[in-house]
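The values are calculated or read from the model by the stated rules, or taken from the named source; none is laboratory data. Keep in mind that this is a model prediction, so the values were computed, not measured. Note: ideal-geometry Cβ built from the backbone for every residue, glycine included; neighbour counts use all protein chains shown. Please note that ligands, DNA and RNA were not included when accessible areas were found on the heavy atoms of the full protein model with its side chains. Shrake-Rupley method; radii C 1.70, N 1.55, O 1.52, S 1.80 Å.
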Amino acid sequence: MVWLEKRLLQYGAAFTGLLQVFSCGLHLGWPSPYLPVLLSEDSPIPMTADESSWVGTVYLLGGLCGSVLLSVVGRRIGRKSIVLWSSVPFCISWITVAFATTLHELLIARYIAGMSEGLALASLIIYVSEISDKEIRGMLGSSVSVTLFLGVMAINLVGSYMTIKTSSLILLVMPALHFLTFVWMPESPNYLLMKGKYQEARQSFIALKGSEDVDHSLAVIGTAIENENLNKTRFISLFKKNNRKSLWAIFGIRFAQQMSGITAFSIYAQTIFKEGGEAISPILGAVIFHTIQLILSVLSAVLVDKLGRRPLLISSAIGSIGALLAGGLFFFIRDVANVDTSRISTLSTIILFIFSFTFCLGLQTMPNFITAELFPTALRAYASTAACVLLYSFAAICTKYFQFTKDNYGMFVPFWSFAICVAIGLVMIVTYLPETRNKTLEDIQIELNQSKTTRKRSSRNP
């Protein structure tokens with residue numbers, strides 16, 4: 001238990017920060033139980049099917065704006081402060097949702113929540129990667145996705161038994177609890193060094209990781225930051241030649257993750273299970289779907305530091321492609337070929353569960369923290385901004401595309417389209433993503449720079 005005592009504050013800081021991720025999951029999954037309510041005859045806020053699609057999409061657009069805002073405030077305010085104060089707009093959002101009487105009020109509340117997630121999620125991922133030891137960095141980074149789906153599953157359960165107003169007022173406690181606990185956690189030593197606050201960084205490092213080898217560790221981090229500052233790091237630095245491979249890796253991971261349809265499946269979970277047949281109730285199907293995501297995300301968090309990032313990501317992508325192709329085939333046979341599938345109506349449900357299983361083995365958890373591993377300290381806020389812009393852009397496109405194609409062409413179209421997108425992302429992952437298991441953030445940068453130098457030399461001396 002010595003290892004636990006040594007890393008107690010690392011776990012504590014991660015846990016209290018994850019309370020905010022739980023709030024993100026609650027908001028992300030909110031449309032799944034409540035869209036059917038809003039579209040019913042007794043809807044508290046009457047709306048059309050097209051208008052209802054914006055309830056999910058506007059949240060993602062808010063996340064996109066929050067991510068862009070992070071590029072402006074990320075280096076000035078600090079990782080901890082952004083995560084901490086994002087609790088305020090989350091509280092405002094829940095209150096607005098509780099008392100909303102028009103579609104515009106509801107959309108404003110959803111936009112505010114999305115913008116808060118765009119700021120908080122990326123900042124927390126950077127924070128966790130910088131405060132954690134290399135042996136547990138993958139596990140704590142993966143726990144972000146685990147907690148996110150815990151929130152999604154929780155709102156599906158809560159939303160099945162509570163009204164919009166009641167659930168919103170009860171769930172208001174989550175961002176408040178996060179603020180009251182996370183306020184006591186230390187700031188990232190990497191960020192403090194970047195701002196020239198050596199003594200504060202030293203105190204933070206000792207509190208998080210102990211006094212052993214503290215000066216050497218801070219010297220290594222400080223040297224890396226100084227080298228980055230000499231290069232005049234700006235947002236445009238992401239697109240310099242020495243960062244392009246990492247940038248392509250992040251693009252491929254986010255493309256495979258979001259264009260797989262996972263966000264659309266989460267938002268429209270109950271609707272999808274309703275269209276799949278009467279083999280299982282929509283509520284139960286959605287709960288099982290998210291439970292599988294939760295369990296497999298936990299398994300992925302445990303395995304990521306043992307098996308590595310690349311093997312899990314590649315296996316996850318291949319399995320997701322197979323499940324999406326099978327799902328598209330089922331709906332094509334049922335809706336286009338007009339074959340009676342009533343005897344095998346459970347097949348579409350099983351395929352969705354298999355997709356959830358394979359997707360969460362790697363694609364769900366790892367994209368959220370790999371960005372912080374592939375880029376240096378001074379570029380991390382910018383890189384996370386770019387990664388989150390990709391996330392919310394792809395998610396918003398995917399969600400609207402899913403709703404449009406399933407309504408106009410049939411469910412098989414989005415399923416097969418998503419399979420093609422994951423295949424493209426898989427090629428990029430195999431080509432550009434390095435293995436980062438059991439390496440410090442500084443070691444990863446050294447290896448990336450060495451590989452770039454080697455390629456330059458080999459090109460000069462064929």
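List the number of the failed condition for Leu303; all other conditions in (1) without any contact (Cβ under 8 Å) to a residue 60 or more places away in the chain; (2) outside any helix (DSSP H, G or I) hold.
(2)
Tell me, which helices (runs of 4 or more DSSP H) wholly within the range 151-231 include 3 or more residues that are closer than 25 Å to Arg76 by Cα? Can you show your working first?
On the way: elements: 164-171, 173-182, 189-194, 198-209, 214-230.
Answer list for the range 151-231: 173-182, 189-194, 198-209, 214-230.
Would it be correct to say that Leu313 is buried (at least 22 other Cβ atoms within 10 Å of the Cβ), at negative phi and not assigned by the TED database to the domain that holds Val128?
Details: buried (at least 22 other Cβ atoms within 10 Å of the Cβ): yes; at negative phi: yes; not assigned by the TED database to the domain that holds Val128: yes.
In short, yes.
State whether the residues of the range 248-263 include one that is open to solvent by 50 Å² or more (accessible area, probe 1.4 Å) and either more than 23 Å from the chain's Cα centre (by Cα) or more than 30 Å from Val152 (Cβ to Cβ) (or both).
Checked the range 248-263: no residue is open to solvent by 50 Å² or more (accessible area, probe 1.4 Å) and either more than 23 Å from the chain's Cα centre (by Cα) or more than 30 Å from Val152 (Cβ to Cβ) (or both).
Take Ala337 and decide whether it is assigned to a loop (DSSP other than H, G, I, E, B), more than 23 Å from Gly25 (Cβ to Cβ) and modelled with pLDDT of 85 or more. Before you say what the answer is, go through the steps one by one.
Numbers: assigned to a loop (DSSP other than H, G, I, E, B): yes; more than 23 Å from Gly25 (Cβ to Cβ): yes; modelled with pLDDT of 85 or more: yes.
Yes; evaluated as a whole, the condition is true for this residue.
Determine if the range 99-110 includes at least one residue that is aromatic (Phe, Trp, Tyr), in contact with a Gly (Cβ under 6 Å, 6 or more places away or on another chain) and part of a helix (DSSP H, G or I). Explain how you work it out, then say what you get.
So the first thing to find is which residues in the range 99-110 are aromatic (Phe, Trp, Tyr), and the list is 99.
Checking which are in contact with a Gly (Cβ under 6 Å, 6 or more places away or on another chain) leaves us with none.
So far as the range 99-110 goes, no, none of its residues is aromatic (Phe, Trp, Tyr), in contact with a Gly (Cβ under 6 Å, 6 or more places away or on another chain) and part of a helix (DSSP H, G or I).
For the range 291-320, what are the residues that are farther than 17 Å from Phe369 by Cα and over 18 Å from the mean Cα position of the chain (by Cα)?
Ser315, Ile318, Gly319
Please state which one of Leu28, Leu35 is at pLDDT 85 or above, within 20 Å of the chain's Cα centre (by Cα) and closer than 19 Å to Ile262 by Cα.
On inspection, the qualifying residue turns out to be Leu28.
Determine if the range 324-333 includes at least one residue that is modelled with pLDDT of 90 or more, within 23 Å of the chain's Cα centre (by Cα) and open to solvent by less than 10 Å² (accessible area, probe 1.4 Å).
Looking for residues that are modelled with pLDDT of 90 or more, within 23 Å of the chain's Cα centre (by Cα) and open to solvent by less than 10 Å² (accessible area, probe 1.4 Å), one finds at least one in the range 324-333, hence yes.
Which of the residues that make up the range 192-204 are surrounded by 12 or more Cβ atoms within 10 Å (Cβ to Cβ) and modelled with pLDDT under 85?
If we filter the range 192-204 for residues that are surrounded by 12 or more Cβ atoms within 10 Å (Cβ to Cβ), which is where we start, we get 192-195, 197-198, 200-204.
Scanning the range 192-204 gives Met194, Lys195.
Do you know which of the residues in the range 404-420 that are open to solvent by less than 20 Å² (accessible area, probe 1.4 Å) and closer than 22 Å to Ile354 by Cα is nearest to the chain's Cα centre (by Cα)?
Let us first name the residues in the range 404-420 that are open to solvent by less than 20 Å² (accessible area, probe 1.4 Å), namely 405, 410-411, 414-415, 418-419.
This time we only want the ones that are closer than 22 Å to Ile354 by Cα, so: 410-411, 414-415, 418-419.
Values: Gly410: 28, Met411: 25, Pro414: 21, Phe415: 21, Phe418: 18, Ala419: 20 Å.
Selected residue: Phe418.
Quick check on this structure: which one of Ser356, Ser384 is open to solvent by less than 40 Å² (accessible area, probe 1.4 Å), modelled with pLDDT of 80 or more and part of a helix (DSSP H, G or I)?
Ser356
Select from the range 47-72 the residues that are surrounded by fewer than 19 Cβ atoms within 10 Å (Cβ to Cβ) and free of Cβ contacts under 8 Å to residues at least 40 places away in the same chain and write down the one among them that is nearest to Phe15 (Cα to Cα).
Ranking the candidates gives Val72 first.
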